[in-house]
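Some notes on the structure that comes next.
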Amino acid sequence: MDAALLPRDFFDGPVDEIAPALLGHVLRHRTPDGDVAVRLTEVEAYAGPLDPASHAYRGRTARNEVMFGPPGHAYVYFTYGMHFCMNLVCGPDGTSSAVLLRAGEIIEGEETARARRPRSTVRDLARGPARLCEALGIAREQNGLDICTPGGELTVHHGDPPDPGRVRRGPRTGVNAAKDVPWRFWIDADPYVSPYRAHVPRNRKPAASR
């Protein structure tokens with residue numbers, strides 16, 4: 001039997017407080033292929049129009065529309081032309097804050113997750129935001145789903161939060177704007193946390209001589 005769902009009011013608060021509070025809780029995706037559940041080990045907070053690294057910093061668009069809605073919904077986006085990543089919308093309706101789910105440990109449905117990522121080790125099935133989505137079968141169709149509906153397709157359940165002394169924080173991974181903001185949170189010494197990578201600017205090709 002599933003543990004109780006996290007209530008909607010869990011997500012209705014400051015995003016930098018909700019993000020670390022998600023560690024240890026369990027995300028479940030129910031699909032025709034089978035259910036997969038992941039214990040969250042690493043997350044990042046993004047504070048909407050107050051945060052230059054947020055997708056919502058420059059305002060509402062067709063892509064980020066879900067972020068401006070009520071808390072407790074999934075915001076799924078496509079990146080680099082090949083990967084999906086998932087956020088959980090936080091804060092009061094209209095604030096557009098969200099928590100990016102960066103990594104976790106598959107605790108149920110490993111066989112299904114391995115079928116989706118056949119070349120992966122068990123440790124790496126969901127160790128990274130794109131891998132997490134692939135292992136759980138998360139794609140564009142899950143964008144906007146209500147994660148607080150009992151029996152819903154995508155839900156977040158009470159898990160086993162780590163001892164507060166094991167929660168670490170540091171700069172977010174791979175962002176250029178506001179890159180020193182320490183809003184990446186993870187469980188210290190957990191093998192299912194992804195490696196930290198600082199943003200590396202892409203080299204532009206020199207202009208051709210005339």
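The values are calculated or read from the model by the stated rules, or taken from the named source; none is laboratory data. Just so you know, these numbers come straight off a predicted model, no measurement behind them. Here Cβ is always computed from backbone atoms with ideal geometry, including for glycine, and neighbour counts include all displayed protein chains. Heavy atoms of the whole protein, side chains included, go into the accessibility calculation; ligands, DNA and RNA do not. Shrake-Rupley method; radii C 1.70, N 1.55, O 1.52, S 1.80 Å.
Give me the pairs, please: first residue somewhere in the range 11-34 and on the phi > 0 side of the Ramachandran plot, second residue anywhere and open to solvent by less than 40 Å² (accessible area, probe 1.4 Å), beta-carbon distance under 6 Å, and either six or more positions apart or on two chains.
Sorted first by the residue in the range 11-34, then by its partner, the pairs are Gly24/Gly159; Gly24/Pro162; Gly34/Gly109; Gly34/Thr112.
So which residues in the range 58-82 are at pLDDT below 95 and within 29 Å of Pro195 (Cβ to Cβ)?
Within the range 58-82, Arg63, Thr79, Tyr80, Gly81, Met82 meet the criteria.
Among the residues in the range 81-93, are any aromatic (Phe, Trp, Tyr) and under 14 Å from Ile18 (Cβ atoms)?
no
Scanning the range 83-109 for residues that are touching a residue at least 40 places away in the same chain (Cβ under 8 Å) and more than 16 Å from the chain's Cα centre (by Cα), which turns out nearest to Gly174 (Cα to Cα)?
Across the range 83-109, the extreme among qualifying residues is Thr95.
Condition (residue is closer than 26 Å to Gly170 by Cα, open to solvent by 20 Å² or more (accessible area, probe 1.4 Å) and aliphatic (A, V, I, L, M)) applied to the range 27-50: is it met by at least one residue?
Yes, the range 27-50 contains a residue that is closer than 26 Å to Gly170 by Cα, open to solvent by 20 Å² or more (accessible area, probe 1.4 Å) and aliphatic (A, V, I, L, M).
Could you count how many residues in the range 88-99 are open to solvent by less than 10 Å² (accessible area, probe 1.4 Å) and of a type outside the set (Gly, Ala, Ser)?
Qualifying residue count for the region: 4.
Could you list, in sequence order, the residues of the range 160-182 that are within 27 Å of Ala53 (Cβ to Cβ) and touching a Gly at 6+ places or on another chain (Cβ under 6 Å)?
Pro161, Pro162, Pro182
Return yes when Ile187 is touching a helix residue (DSSP H, G or I) at 6+ places or on another chain (Cβ under 6 Å) and either in contact (Cβ under 8 Å) with a residue 60 or more places away in the chain or surrounded by 13 or more Cβ atoms within 10 Å (Cβ to Cβ) (or both) and no when it is not.
yes
Given the criterion under 25 Å from Val122 (Cα atoms), of a type in the set (A, V, I, L, M) and surrounded by fewer than 18 Cβ atoms within 10 Å (Cβ to Cβ), identify the matching residue among Val167, Val156.
Val167
Does the range 44-53 include one or more residues that are at pLDDT 95 or above and closer than 18 Å to Glu141 by Cα?
Taking every residue of the range 44-53 in turn, none turns out to be at pLDDT 95 or above and closer than 18 Å to Glu141 by Cα.
What residue, of Val193, Val175, is modelled with pLDDT under 95, open to solvent by less than 60 Å² (accessible area, probe 1.4 Å) and either among the aliphatic types (A, V, I, L, M) or within 21 Å of Leu27 (Cβ to Cβ) (or both)?
Val175
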